[in-house]
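Before any comments, here is the structure.
The values are calculated or read from the model by the stated rules, or taken from the named source; none is laboratory data. Predicted, not measured: the structure shown is a model, and the values here were computed from it. All Cβ positions, even for glycine, are placed from backbone atoms using ideal geometry, and neighbour counts span all protein chains on display. Side chains included, ligands, DNA and RNA excluded: accessible areas come from the protein's heavy atoms. Shrake-Rupley method; radii C 1.70, N 1.55, O 1.52, S 1.80 Å.
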Amino acid sequence: MSLHLNDSLNFIAKITLRRAWNFAKVLASFYLSRSTRRPLQWGLPVTVSIEPTTACNLRCPECPSGLRAFSRDTGNLKADFFRKTVDALHRDLFYLIFYFQGEPYIHPQFLDMVNYAHRRRIFTTTSTNGHFLDDENARRTVESGLDRLIISVDGTTQETYEQYRVGGSLDKVLQGARNVVAWKRKLKSRRPHIIFQFLVVRPNEHQIADIHRLAKEIGVDEVKLKTAQVYDYQQGNPLIPTLRRYARYRQSADGSWQVKHALANHCWKLWHACVVTWDGVVVPCCFDKDAQHRLGDLKQAAFRDVWHSPAYDAFRRAILKGRDQIDICQNCTEGCTVWA
C-alpha cells in the first residue's frame, strides 16, 4: 500500500456523520459568503491550530520565536485548558495542528496532549525542527498516535542548513528522523506519516534533488517544498530564491520587489480554521504571529461564542471587502505552497 494512501485512509477513518455535516455547513457558508459579499458562518471550525509553547531552541532569521521578537506574552499551554478546549470541539473537529510558534517538543506534556486528542479520534499533526527526537521521544511519538509529523530540514549539508536554522545541527535532526522511522517499524505502526519540509531559500535551492534522495534513504514518507515568507522583501532579500517557482516575490521594472500573486477578497481559512495561542487567545490564522488580531479569549468565553462573535463577523466582513487592506494578508502564502 502506498505511503500517501496510508495517510489518506487514516484521515478518512476519522470522519463521522457529525464532522461531515459540520464541514458541509462550513463549506456552504463560505461559498455563499463569497457570492453575496456578506459574512455567514453556519458551522464550527474544521481545523484548529493550538500553540503548545512559544519557546524555541533555534534562532531562525524570519521567525518571531527565533528572533525573540514577540510583543505578546510568551509561555506554555496548560494541559487542563487544552483538554477543556478539545472536549468542547472534538465532535465537529477533523484536524488538530499542534503548532503555531515555538518548538512543540519543548513542552514537557506535549505528547500526552497529542494522545488525548488521538483518543478523541481527531487527526493530529505537528511541525518540529527535529532536535528533540531522541530514541525515547521517537518511541513516545509513535505510541502517542500522532498522525502526521513534519520535520523541518532546510538543507542537506550542515553549512547550508545552518544558514537558516541558526544554532541547529543537521546530524541531530536526521538521526531524530531515523529514530521515528525505526520505532514505526518496531511497533508495526503506520503512524505518523513523516514529512521532510524543505523551506526553499536561495542558500539551499541547489539541494532540492538531494533532499528527495536523503528522505528516501532514511525512509521518510514524503517531501514537501515550501516557499519562504520574508518580512523585508521590498528591496530584495538574500533569502529569496532565484528559482521563480519557489519564490513568493517578483522584481518590478523599477527594481523593487512585490508579492507575485494577487490577493482575492476571500479566504477559506477564515471560515474553516483558526489558531489558539498558548494562553487561549483566538486569532484568525497562522500569519498573525504576534496575535495582533484578537478575536476572542477562551479564558473568558466559550469557543462557539467566539467563533460566531461580532469580532469574527467584522474580520470576515473586512476580508470580503478588501483583503489587501489587512496587514497579515499582504504577505500571505495562499496558493503559493508547492508539493513535490
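Each helix, a run of at least 4 DSSP H residues, gives -39500 (n - 2.57); summed and divided by the residues of the chain, these come to -10500 deg cm²/dmol at 222 nm. For the stretch 171-228, which trypsin sites (Lys or Arg not before Pro) are both in a DSSP coil and crowded by at most 12 other Cβ atoms within 10 Å? For trypsin sites (Lys or Arg not before Pro) across the stretch 171-228 that sit outside H, G, I, E and B with at most 12 neighbouring Cβ atoms in 10 Å, the list reads Lys188.
Taking the Kirkwood radius as Rh and the Cα radius of gyration as Rg, the stretch 34-90 has a ratio of Rg/Rh equal to 1.14.
About its Cα centre, the dipole of the stretch 194-246 is roughly 160 debye, where the only charges are +1 on Lys and Arg Cβ and -1 on Asp and Glu Cβ.
Shape of the stretch 45-150 from its Cα gyration tensor (a ≥ b ≥ c, root eigenvalues): rounded if a/c is under 1.5, otherwise prolate when a/b > b/c, or oblate? Because a/c hits 1.5 or more and a/b fails to exceed b/c, the stretch 45-150 counts as oblate. Pairs of Cα atoms under 8 Å, at least six residues apart: use those to get the relative contact order of the stretch 9-81, whole percent. Normalised by residue count, the contact order of the stretch 9-81 is 21 percent. Taking the accessible area of the stretch 17-166, probe 1.4 Å, and keeping the other protein chains in place, the carbon and sulfur fraction comes to 51%. Accessible surface for the stretch 38-148, divided over its residues, is 37 Å² per residue with a 1.4 Å probe.
For the peptides 95-105, 135-145, the ranking by packing is 95-105, 135-145, with the highest mean count of neighbouring Cβ atoms within 10 Å listed first. In this simple spin-label model, placing a label point 7 Å from the Cα along the Cα-to-Cβ direction at both Glu136 and Ser309 gives a separation of 4.0 nm. Solvent exposure of the stretch 261-340, expressed per residue, is 44 Å² of accessible area, with all protein chains present and a 1.4 angstrom probe. Note on the stretch 200-255: with neighbouring protein chains present and a 1.4 Å probe, carbon and sulfur make up 47 percent of its accessible heavy-atom surface. Since only Ala88, Leu40, Ala20 are under comparison, the one whose Cα sits farthest along the positive direction of the charge dipole of the stretch 1-122, derived from C-beta charges on Lys, Arg, Asp and Glu, is Leu40. Using a probe of 1.4 Å, the accessible surface attributed to Asp210 totals some 50 Å² when neighbouring protein chains are kept in position.
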